[in-house]
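J.: Encoded as structure tokens, here's the structure I'll be asking about.
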Amino acid sequence: MQVQTQFVDAVYIHIPFCKKICHYCAFNKYFYDGQPVDRYLNGLNREMELYAIEKSRPLDTIYIGGGTPSCLSMEELDSLFGSIHQHLPIDERTEFTFEINPGELSIEKCALLYDASVNRISMGVQTFNDDLLRKIGRNHRHKHIYQSIDWLRQVGFSNISIDLIFRLPNQSLADFDDSLTKALELDLPHYSLYSLIIENQTVFQQLMREGKLPLPSEDVDADMFELAIRRLEENQIHQYEVSNFAKDGYQSRHNIKYWQYKPYYGFGAGAHGFHQNTRYYNHGPVHHYLNKTENNEKPIINETVLNHTEQMEEYLFLTLRTNKGFSLSGFSNKFNASAIELFGTFFELQQQRRLLNIDGDRVYLTNRGLFLADTVFRDLIGWLSSERS
């Protein structure tokens, strides 16, 4: 059986260029200098045109990420937004997010974003400690954070989110608490917090192999996350997903679509999309991407049609990331199957560990379960295949 198809009302656009590559980053990215940026923006224009998105119904969300989209010049941003407004239906209800690096803004660039209908900003702060910012390869300092927030508010932005990373090299609990204090003093509606993950093919992976990456212990890592959850909740900023916290009404509508298993288009080099039970991703290298778009072809390199078992496991994996989890009746309507019959043993195991609750129709992770979500998800992936073998 196939999951019912839905109208696609979400778009992700990838800008793979950065002025500096962070030591922990494994996203598809390239140094801005020397790249064919104008050709790339023309390629994005052509890719959006090839999808011929229906204009009669506005998109619910657009998210421009990277890389570092804010590294684009004013002229390049004009070109990008011109293509978006030409090919994508937008109105005042569309949540339109743009990722920025605090060190790459000016008040003129902030005004350009605002005038282009961007209404949500996601800023990669990571830490307020300048020494740590240097150690992780960021090109901004704490003064740029405050200046950027000031400029954004001056031109009219209020829906601003910042990212923080904890468990950084040599980071103490007190230092992280200081960053939390400074972040909360900004009085923003949304915060994302991530524990540092050592990704393949990064500077940090190489340093770890050489024994030169002094990371806090797992206990300190846990203490940092617990501290963050408590302090944010004290400020009426509620955890609604494993790594995301918001004041009421300010949850990221775009990211919620991922966790609710909704379809979305992905445009740009290395971008991923999900439509008609098929996950696809584009060519990552910029020149490979351009070879396709300049030949009037969609730049897709791989498409994977999910079978029924994979769809159900993915649905649980994604919906359980949120504090609301999923409904048993909703699962039954979507898949014509009983989650209790299929995953009952898995649920019992997680309940015994105090990681999961079943309350009437709703299945969701406990606070402890959200804290240990990776453990839950490791058990979940492949569960049905192993149960049936």
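The values are calculated or read from the model by the stated rules, or taken from the named source; none is laboratory data. Here the structure is a predicted model, which means the values were calculated and not measured. Note: ideal-geometry Cβ built from the backbone for every residue, glycine included; neighbour counts use all protein chains shown.
J.: Taking ALA174 as meeting all but one of (1) part of a helix (DSSP H, G or I); (2) hydrophobic (A, V, I, L, M, F, W, C); (3) in contact (Cβ under 8 Å) with a residue 40 or more places away in the chain, write down the number of the exception.
T.: So ALA174 meets the others, but not (3).
J.: Right, another one. Condition test on PHE225, is it assigned to a strand (DSSP E or B), in the same structural domain as CYS22 (by TED's automatic domain parsing) and surrounded by 18 or more Cβ atoms within 10 Å (Cβ to Cβ)? Please lay out each step first, then the result.
T.: Numbers: assigned to a strand (DSSP E or B): no; in the same structural domain as CYS22 (by TED's automatic domain parsing): yes; surrounded by 18 or more Cβ atoms within 10 Å (Cβ to Cβ): yes.
When the stated conditions are applied, PHE225 does not pass them.
J.: Is there a residue in the stretch 302-318 that is out of contact with any Cys (no Cβ under 9 Å at 6 or more places or on another chain), without any contact (Cβ under 8 Å) to a residue 24 or more places away in the chain and surrounded by fewer than 15 Cβ atoms within 10 Å (Cβ to Cβ)? Please lay out each step first, then the result.
T.: Within the stretch 302-318, the subset out of contact with any Cys (no Cβ under 9 Å at 6 or more places or on another chain) is 302-318.
Subset that is without any contact (Cβ under 8 Å) to a residue 24 or more places away in the chain: 302, 307, 310.
Those still in the list that are surrounded by fewer than 15 Cβ atoms within 10 Å (Cβ to Cβ) too: 302, 307.
Yes, because at least one residue in the stretch 302-318 is out of contact with any Cys (no Cβ under 9 Å at 6 or more places or on another chain), without any contact (Cβ under 8 Å) to a residue 24 or more places away in the chain and surrounded by fewer than 15 Cβ atoms within 10 Å (Cβ to Cβ).
J.: Continuing with the same structure: Could you look through the stretch 146-171, keep only residues that are part of a helix (DSSP H, G or I) and of a type outside the set (A, V, I, L, M, F, W, C), and pick out the one that is farthest from GLU218 (Cα to Cα)?
T.: Here is the first cut: in the stretch 146-171, the residues part of a helix (DSSP H, G or I) are 146-155.
Still in the running and of a type outside the set (A, V, I, L, M, F, W, C): 146-148, 150, 153-154.
On the way: TYR146: 31, GLN147: 34, SER148: 33, ASP150: 36, ARG153: 38, GLN154: 41 Å.
Step by step, filter the stretch 146-171, then rank; the result is GLN154.
J.: What is the residue count in the stretch 346-389 for residues that are farther than 22 Å from VAL242 by Cα and modelled with pLDDT under 95? Break it down into steps so the answer makes sense when it comes.
T.: Step one: filter the stretch 346-389 for residues farther than 22 Å from VAL242 by Cα, giving 360, 384-389.
Still in the list and also modelled with pLDDT under 95: 384-389.
Looking only at that region, the number is 6.
J.: Do any residues in the stretch 251-262 that are on the phi > 0 side of the Ramachandran plot have Cβ atoms under 8 Å from those of residues that are modelled with pLDDT of 95 or more and among the hydrophobic types (A, V, I, L, M, F, W, C), where the two are at least six apart or on different chains, and which pairs are they?
T.: If the second residue must be modelled with pLDDT of 95 or more and among the hydrophobic types (A, V, I, L, M, F, W, C), the pairs left are TYR261/LEU318.
J.: What helices (runs of 4 or more DSSP H) lie completely within the stretch 1-117 and have 1 or more residues being surrounded by 15 or more Cβ atoms within 10 Å (Cβ to Cβ) and modelled with pLDDT under 95? Talk me through it step by step, then tell me what you get.
T.: Values: elements: 37-51, 74-87, 107-115.
Correct list: empty, since no element meets the threshold.
J.: If I filter the stretch 327-338 for residues that are in contact with a strand residue (DSSP E or B) (Cβ under 9 Å, 6 or more places away or on another chain), closer than 16 Å to GLN260 by Cβ and of a type in the set (A, V, I, L, M, F, W, C), do I get at least one hit?
T.: yes
J.: Identify all residues within the stretch 342-389 that are of a type in the set (Gly, Ala, Ser) and free of Cβ contacts under 8 Å to residues at least 12 places away in the same chain; write none if there are none. Before you say what the answer is, go through the steps one by one.
T.: The first filter runs over the stretch 342-389 and keeps only residues of a type in the set (Gly, Ala, Ser), leaving 344, 360, 369, 373, 382, 385-386, 389.
Listed by number, the residues that qualify are GLY344, GLY360, SER386, SER389.
J.: On the given criteria, is LYS298 in contact (Cβ under 8 Å) with a residue 24 or more places away in the chain, surrounded by fewer than 18 Cβ atoms within 10 Å (Cβ to Cβ) and under 22 Å from ILE62 (Cα atoms)?
T.: yes
J.: Within the stretch 127-151, track down each residue that is surrounded by fewer than 18 Cβ atoms within 10 Å (Cβ to Cβ), of a type in the set (Lys, Arg) and in contact (Cβ under 8 Å) with a residue 40 or more places away in the chain.
T.: Selection gives LYS135 alone.
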